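The values are calculated or read from the model by the stated rules, or taken from the named source; none is laboratory data. Everything quoted here is computed from the prediction, not taken from an experiment. Glycine also receives a Cβ, built like all others from the backbone with ideal geometry; neighbour counts cover every protein chain displayed. Please note that ligands, DNA and RNA were not included when accessible areas were found on the heavy atoms of the full protein model with its side chains. Shrake-Rupley method; radii C 1.70, N 1.55, O 1.52, S 1.80 Å.
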Amino acid sequence: MTDISALQSDILAQIAEAADEAALEGVRISALGKKGSVSALLASLGPMSPEQRKLDGPLFNGLRDAVSAAIAQRKASLADAALHARLASEKLDVTLPVLPQNKGTVHPISQVLEEVVAIFADLGFGVAEGPDVEYDDYNFTKLNIPPDHPARQMQDTFYVAAQADGASHVLRTHTSPVQVRVMLNNKPPIRVISPGRTYRVDSDATHSPMFHQVEALVVDEAIHLGHLKWTVEQFCKAFFEIDTIKLRARPSFFPFTEPSLEWDMGCDRSVPGQIKFGTGDDWLELGGSGMVHRKVLENCGIDAGKYQGFAFGFGLDRMAMLKYGIPDIRGFFESDLRWLEHYGFEALDIPTLDGGLSR
């Protein structure tokens with residue numbers, strides 16, 4: 001009969017002497033593999049008499065368990081040793097200057113978003129966010145957009161599979177649903193901006209199926225168009241870093257505002273390929289705005305007889321193109337490092353109104 005104690009001591013010694021995981025695997029196969037020494041003992045239990053099996057079974061199983069535990073412990077020890085060796089060999093001196101090819105830059109959209117947040121934070125606005133996949137109700141219905149409105153058609157909106165409760169969901173076409181969520185969950189006064197990704201079925205040099213927007217919302221007592229004009233004016237002065245600005249309001253229509261306005265900013269296009277703001281007799285469209293429609297306030301549980309509000313929005317991608325001279329919106333999303341090296345910003349140049357937005 002095999003000396004169990006001697007076999008166990010021999011196998012454990014081999015396990016302890018295994019220099020790496022490959023050697024350890026060889027010991028495991030020789031002991032616990034199909035033709036291993038321990039496996040052979042376990043296989044011999046079948047032909048034994050019941051009385052003999054009761055005597056040898058616990059011994060063989062104990063041997064197997066002891067070998068398995070020793071292998072697991074040695075494997076963990078070898079893995080720790082390998083990790084420490086790797087860490088010791090991969091030390092990095094963080095005081096060395098970064099290699100030019102490893103130097104990262106901030107994407108223009110991220111830069112412009114930080115600039116916008118800095119400006120509105122100085123004006124007392126908070127930042128609100130919401131999901132990209134939105135309820136049809138929040139994206140359209142609560143914003144007073146009727147069922148037959150063209151914006152709700154399949155050729156303009158990305159619809160996703162209906163939820164288990166039958167509710168329709170869309171990839172949000174604007175960040176206005178965030179404003180709905182804010183009004184549903186907060187009482188006036190409200191003063192927030194809602195930046196984020198939005199989605200529409202459109203793609204060319206100045207349009208992308210996924211783009212970025214920011215919208216501002218103010219709801220309080222006695223709010224009027226003068227407050228809206230002043231806010232747009234202060235934002236444009238700070239964002240384009242100019243002292244004077246000329247704005248023009250044009251009547252427009254949006255289902256969620258009444259009255260609705262679109263803003264143009266004075267500019268100079270006399271030099272081909274250049275736009276200068278704060279001077280000149282040309283005009284450049286900025287974005288849409290208006291006083292929040294009373295139905296939208298009522299849909300969100302706000303007393304439209306007591307509170308009024310204004311909202312306006314614009315595309316972050318387009319603002320980045322205008323401010324930093326980027327000719328094609330598609331470059332924002334092509335993941336070209338050469339493009340990012342050209343248009344990117346230093347990682348530590350955090351925009352501030354007192355230190356400068358775009359240093």
GNM of the chain, Cα pairs under 10 angstrom: of S252, S68, S176, the biggest fluctuation goes to S68
Explain nothing, just compute: Karplus ³J(HN,Hα) = 6.51 cos²θ - 1.76 cosθ + 1.60, θ = phi - 60°, for every residue of the stretch 190-201 in order, whole Hz, x for Gly and Pro.
10, 8, 9, 10, 10, x, x, 7, 9, 9, 8, 7
Run the reach check for K237 against lysines, Cα to Cα strictly under 17 Å, same-chain hits fewer than 8 apart removed. What comes back?
K229, K246, K276, K323
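Nothing charged except the Cβ atoms of Lys and Arg (+1) and of Asp and Glu (-1): what's the magnitude of the dipole of the stretch 159-289 about its Cα centre? Round to the nearest 20 debye.
Values: 13 positive and 16 negative charges, 55 e Å.
Using Cβ point charges on Lys, Arg, Asp and Glu, the stretch 159-289 gives about 260 debye.
When the accessible area of the chain is computed with all protein chains present and a 1.4 Å probe, what percentage of it is carbon and sulfur?
Values: 10870 of 19930 Å².
Result for the chain: 55 percent of the exposed heavy-atom area is carbon or sulfur.
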With +1 on the Cβ of every Lys and Arg and -1 on the Cβ of every Asp and Glu, and nothing else charged, how large is the dipole of the stretch 1-125 about its Cα centre, in debye rounded to the nearest 20?
560 debye
Net charge contributed by nearby residues that have their C-beta within less than 13 Å of D10 (K/R +1, D/E -1):
-2
Once you put a point 7 Å from the Cα of K103 and another 7 Å from the Cα of A167, both along the Cβ direction, what distance in nm separates them?
4.9 nm
Measuring from its Cα centre, the chain shows a charge dipole (+1 at each Lys and Arg Cβ, -1 at each Asp and Glu Cβ) which, in debye to the nearest 20, is 540 debye
Sort 294-305, 267-278 by the packing proxy (mean of other Cβ within 10 Å over each peptide's residues), most packed first.
294-305, 267-278
L123 versus W339, label points 7 Å from Cα toward the beta carbon: distance in nm?
3.0 nm
How large is the accessible surface per residue of the chain, computed with a 1.4 Å probe and reported in Å² as a whole number?
56 Å²
Contour excess over end-to-end distance, with Cα ends at D264 and E221 and 0.36 nm allotted per residue:
12.7 nm
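R0 = 35 Å: FRET efficiency of K91 with D20, Cβ-based, nearest 0.05?
For K91 and D20, the calculated efficiency is 0.95.
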List the aspartates and glutamates whose Cα lies under 14 Å from the Cα of K187, skipping any in the same chain that are fewer than 8 positions away.
D220, E221, E298, D303
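Students often check this: by mean Cβ neighbours within 10 Å, which of 131-139, 79-87, 190-198 ranks highest, and how do the rest follow? Before the final figure, lay out the partial values.
Working: 131-139: 18.9, 79-87: 10.2, 190-198: 20.9.
My ranking of the peptides, most packed first, is 190-198, 131-139, 79-87.
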